[in-house]
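Let me begin by presenting the structure, written as structure tokens, before commenting on it.
The values are calculated or read from the model by the stated rules, or taken from the named source; none is laboratory data. What you see is a predicted model, and the numbers here were worked out from it, not measured in a lab. Here the Cβ is made from the backbone with ideal geometry for all residues, glycine too, and neighbour counts use every protein chain on show. Heavy atoms of the whole protein, side chains included, go into the accessibility calculation; ligands, DNA and RNA do not. Shrake-Rupley method; radii C 1.70, N 1.55, O 1.52, S 1.80 Å.
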Amino acid sequence: MTKYRNFVILIVILSEYELNTKGSFTMLRPMTEQDREVFIRLADEFYHSSACLHTVPTEYFHKTLDEILADSPYAKGYIFEKDGKVAGYALLSFTYSNEAGGLACLLEEAYVIPEFQGCGLGKELFAFVEKEFPDVRRFRLEVTHCNERAISLYRRLGYEELDYIQMIKDR
């Protein structure tokens, strides 16, 4: 019986990360299939907020979660929980960067539900990502000019602006 109890404890330690935020219990855990409905709802909220310049079709959210659940080396997804309630989500993508001289992680999306903003979740997300992915040479993110609160956080965490014009071509 002791053997199984230790196995369960090990699984919990490897699959969840307890965040240290203002005295309450907070967790960052990998997304699962059971998170599909809540992730779709939160991603829709995110893309309809002032943090985004445009919306994204709902089917893209499903494709993203499918990629994460297929254990893609290019995509990771996490759910924030605070005091037993879902508080937000984060999406990461990975690539090799010649400019950075190694692995790069794009913090694709970090959305904290408004009632949980200001609780330190964003700061803890960045601490987790840097600890969880020690081989990453560059962490990169995008932020809209009007998202001053997020910009302030990112600067405090050591992020700096790149003087690039970002261009895309969708297919």
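Things to note:
- Residues being more than 15 Å from E115 (Cβ to Cβ) and not hydroxyl-bearing (S, T, Y) - total across the stretch 40-55: 8
- The stretch 126-148 residues that are touching a residue at least 12 places away in the same chain (Cβ under 8 Å), paired with ones that are of a type in the set (A, V, I, L, M, F, W, C) and in a helix (DSSP H, G or I) (beta carbon under 6 Å, 6 or more apart): V143/A150; V143/I151
- In the stretch 48-70, the condition of being modelled with pLDDT under 95, open to solvent by 50 Å² or more (accessible area, probe 1.4 Å) and of a type in the set (A, V, I, L, M, F, W, C) is met by at least one residue.
- Hits in the stretch 142-171 - residues which are touching a Gly at 6+ places or on another chain (Cβ under 9 Å) and open to solvent by 60 Å² or more (accessible area, probe 1.4 Å): R149
- The condition (being surrounded by fewer than 16 Cβ atoms within 10 Å (Cβ to Cβ) and either of a type in the set (V, I, T) or in a strand (DSSP E or B) (or both)) is satisfied by just one residue among Y111, Y96: Y96.
- Taken together, the residues in the stretch 44-85 that are touching a residue at least 40 places away in the same chain (Cβ under 8 Å), farther than 15 Å from E33 by Cβ and outside any loop (DSSP other than H, G, I, E, B) amount to 6.
- Of the criteria (1) modelled with pLDDT under 95; (2) of a type outside the set (G, A, S); (3) open to solvent by 20 Å² or more (accessible area, probe 1.4 Å); (4) in a strand (DSSP E or B), which one C119 fails: (4)
- The one condition in (1) modelled with pLDDT of 95 or more; (2) open to solvent by 40 Å² or more (accessible area, probe 1.4 Å); (3) outside any loop (DSSP other than H, G, I, E, B) that A104 fails to fulfil: (2)
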